[in-house]
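The values are calculated or read from the model by the stated rules, or taken from the named source; none is laboratory data. Since the model is a prediction, treat every value here as computed from it, not as a measurement. Glycine gets a Cβ as well: all are built from the backbone with ideal geometry, and neighbour counts include every protein chain shown. Ligands, DNA and RNA are stripped out before the accessible areas are found, and what is left, the full protein with its side chains, is counted by its heavy atoms. Shrake-Rupley method; radii C 1.70, N 1.55, O 1.52, S 1.80 Å.
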Amino acid sequence: MTEIQNIEPQFLEILRSVSDPEIPVLSIMDMGVVREAIEEDGVVKVKITPTYSGCPAMDVIGDDIVSAFAKEGLKAVISLVLSPAWTTDWITARGRKALEDYGIAAPLSAEADKEALLGNKKIVKCTNCGSTETHLVSQFGSTACKALFKCDDCQEPFDYFKCLK
């Protein structure tokens, strides 16, 4: 379920060309961080919502958006929108598949996420072999929004993108 966005159609491809700096296989559109992109008085005003309030990637994302629009001869200004807060529900189906293909398990539902992170259920699927015989190694993976899991079958470690609601 994606939060409603107000994005003028002529800006969609430009925004899809901007990658998430921490997960380069995802565009910022796949991540669902773009809330608005409208042109007013010759300036494209882009509103983005951080995946979490301390996300260090937001400055890079803002700079990358400005650069992408500049390549098209357009001036863009960025503003952060903190409410409503971003949720992993805003990651698109294409984005979830790209995460899995890249080796990061896509977020589960909030209830399932808690069960997996507390070690109560083996439900996080290994991105290498597909087994759910996995276990939590660390609450934090390569970034704060991910947890590190290891597969008990193939022995490969992998990140799991934690559910944020």
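Build a GNM of the chain with springs between Cα atoms under 10 Å: which of Glu115, Glu13, Glu133 gets the top mean-square fluctuation?
Glu13
Two-decimal Rg/Rh of the chain from alpha-carbon positions, Kirkwood Rh?
Numbers: Rg = 17.1 Å, Rh = 16.6 Å.
Answer for the chain: 1.03.
What percentages, rounded to whole numbers, describe P(r) for the range 48-139 computed over all alpha carbon pairs with 5 Å bin width beginning at zero?
With a bin width of 5 Å, the distribution comes to 2, 12, 15, 17, 19, 14, 9, 6, 4, 2, 0.
Put +1 on the Cβ of every Lys and Arg and -1 on every Asp and Glu Cβ in the range 115-165; which of Cys151, Thr127, Leu164 then has its Cα farthest towards the positive end of the dipole?
The residue sitting most towards the positive pole is Leu164.
Evaluate the charge dipole of the range 86-165 about its Cα centre and quote only its size in Debye, nearest 20, assuming +1 on the Cβ of each Lys and Arg and -1 on the Cβ of each Asp and Glu.
For this selection, approximately 240 debye.
Among 25-38, 86-99, how do they line up from the highest to the lowest mean number of other beta-carbon atoms within 10 Å?
25-38, 86-99
For Arg35, enumerate residues with amide H under 5 Å from its amide H, sequence gap 5+ or separate chain, H modeled in the peptide plane.
Here the answer is Lys47, Ile48, Thr49, since their amide H atoms fall under 5 Å of that of Arg35.
Report, to the nearest whole %, how much of the accessible area of the range 1-104 belongs to carbon and sulfur atoms, 1.4 Å probe, protein only. Show your work: numbers first, answer last.
Details: 2800 of 5330 Å².
Heavy-atom surface of the range 1-104 belonging to carbon and sulfur, 1.4 Å probe: 53 percent.
Please work through the chain and write down the cysteines that have no neighbouring cysteine Cβ at a distance under 4.7 Å.
Cys55, Cys145, Cys163 - these cysteines have no disulfide-compatible partner (Cβ-Cβ under 4.7 Å) in the chain.
My understanding is that a pair violates if its Cα-Cα distance is over 27 Å; which of Lys71/Lys146; Lys122/Lys165; Lys97/Lys165; Lys122/Lys146; Lys45/Lys97; Lys97/Lys162 do that in this structure?
Numbers: Lys71/Lys146 33 Å; Lys122/Lys165 21 Å; Lys97/Lys165 20 Å; Lys122/Lys146 17 Å; Lys45/Lys97 29 Å; Lys97/Lys162 15 Å.
Where the Cα-Cα span goes over 27 Å, the pairs concerned are Lys71/Lys146; Lys45/Lys97.
Considering only protein heavy atoms, what per residue accessible area in square angstrom results for the chain with a 1.4 angstrom probe? Provide the component values of the computation, followed by the final result.
Values: 8500 Å² over 165 residues.
With the other protein chains kept in place, the chain gives 52 Å² per residue.
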